Amino acid sequence: MRDSLQYSAVSSGHDWQAVEADGRVRLLPAACIALRFDESGCSTCRSACPVECIDIGAGVFRIGNQCLGCGRCAAACPTGALVVKGFALPDALPAVTPLRIECQKIDRHVAGTALRVPCLGGLAPADWLELVENAGTQPVLVIDRGWCRQCNAGAKCVERHPAAAALETAAQWLEVAGVPATYLPRLSREPLPASRMPRHIPDAAPTAPARRGFLLRLGNEARRAVGIDDAQKLPQPHALRRTDLMPLPARSRLLTLLLRVATRAGHSVPATPFHVVEIEPECANHTVCAGVCPTAALRRYEEPERTGIEFDALRCIGCGRCVTACPEHALRLRRADTPPLSEAPQRLTSHALRICRECLRVFATSSLSALCPSCRRNHAMGASLFKGS
């Protein structure tokens, strides 16, 4: 992956900050869309929280005392701006087949050699990719004890297991990347009496030193996250509107894992996690799309005689804000059929820079017009008034 998407390239000016009293939940403000663009309306984490204890917006990110530590907010975050304690791989995975993953509410004597996490719904698709990659030839079973409907952390997943959607997405990606069906992670229903379920998620028991976490992977940010003990004041949105690229821990990790898995299987990186942006000729180079893009996947470029919009597929999370914001309705966003041919941004438009013959302002155009849009509108208005009289 290109440096701009590597964990090690994340700006050291912004660190992980504790946002929950006991430090279980940590935030990377520079990667939070809602903090970086307070008008964005991003509330994915709040929507995912089963107890609705997240307050976000206008430079505020708070987590209430009701927090269960289930990790559902972090799993849903499109940029990887949140991490939650308790999701980690030990130095060595249990040498058992299949490899079993259990909820932490399951007593360790019942779980046996299974890996336990605070909530199975707190694992994002990339977490399952990493687990499968590290498991090697061990099939991965996700144990469903039938407790989720009664559990506070499963409150928003009445119809489906909280891990089902992420497992399906991960399985699709792994299959396209060349992983045999035998090794795809899947749910295994092994019910236990609901009367045995503890009310709260037990605190994580001491474990072997973690080599790498499900939610903290690759580079310096993980080391910084571990060292912060006290909640810190969050920077205001304007302080995060910087010229440097927004860090994308989740995106970087996902693409890195897919590349490794596909390479090991002798396949190319699947197109599944990529999007394509198409700009129609109606584009008037307002560059609003680049202004509202939270990840800088769309950016304005400028040369001495030309300007336009370029697209970086590696940074696109498919939020669709560009499509909604375009004044000319000239943008289309769709899933890619093939992975990007190059890691370099692709130029989508090219507009010549000219000097308006009336107002003498520099303007961009894809036509041969000698008038800027403002002067063209004035001419059209004048012609309309003249015609009406």
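Name the one entry in Leu259, Leu255 that is in contact (Cβ under 8 Å) with a residue 40 or more places away in the chain, buried (at least 19 other Cβ atoms within 10 Å of the Cβ) and not β-branched (Val, Ile, Thr). Give the steps one after another, and end with the answer.
Numbers: Leu259 fails: buried (at least 19 other Cβ atoms within 10 Å of the Cβ).
Exactly one of Leu259, Leu255 is in contact (Cβ under 8 Å) with a residue 40 or more places away in the chain, buried (at least 19 other Cβ atoms within 10 Å of the Cβ) and not β-branched (Val, Ile, Thr), namely Leu255.
Filter the range 195-222 down to the residues that are over 27 Å from Arg335 (Cβ atoms) and hydrophobic (A, V, I, L, M, F, W, C), then identify the one that is modelled with the highest pLDDT. Only one residue fits best here, namely Met197. Considering each residue of the range 180-202 in turn, none proves to be among the hydrophobic types (A, V, I, L, M, F, W, C), exposed (fewer than 15 other Cβ atoms within 10 Å of the Cβ), in contact with a Lys or Arg (Cβ under 8 Å, 6 or more places away or on another chain) and not in a helix (DSSP H, G or I). Kindly list the number of the only condition in (1) surrounded by fewer than 23 Cβ atoms within 10 Å (Cβ to Cβ); (2) within 20 Å of the chain's Cα centre (by Cα) that fails for Ala135. Of everything listed in (1) surrounded by fewer than 23 Cβ atoms within 10 Å (Cβ to Cβ); (2) within 20 Å of the chain's Cα centre (by Cα), Ala135 misses just condition (2). Within the range 181-194, one or more residues are basic (Lys, Arg), at pLDDT 50 or above and more than 19 Å from the chain's Cα centre (by Cα). Taking helices (runs of 4 or more DSSP H) as the structural unit, those lying wholly within the range 275-389 and holding at least 1 residues that are modelled with pLDDT under 85 and more than 36 Å from the chain's Cα centre (by Cα) correspond to 373-388.
When Arg108, Arg46, Arg62 are checked against the criterion of being touching a helix residue (DSSP H, G or I) at 6+ places or on another chain (Cβ under 9 Å), of a type in the set (Lys, Arg) and farther than 16 Å from Ser188 by Cα, a single residue qualifies: Arg46. Working only within the range 266-283, note down all residues that are over 19 Å from Ala76 (Cβ atoms) and buried (at least 16 other Cβ atoms within 10 Å of the Cβ). Those that are over 19 Å from Ala76 (Cβ atoms) and buried (at least 16 other Cβ atoms within 10 Å of the Cβ): Val269, Pro270, Ala271, Phe274, Val276, Val277, Ile279, Cys283.
The values are calculated or read from the model by the stated rules, or taken from the named source; none is laboratory data. Keep in mind the model is a prediction, meaning the values are calculated, not measured. With ideal geometry, Cβ positions are generated from the backbone for all residues, glycine too; neighbour counts draw on all protein chains shown.
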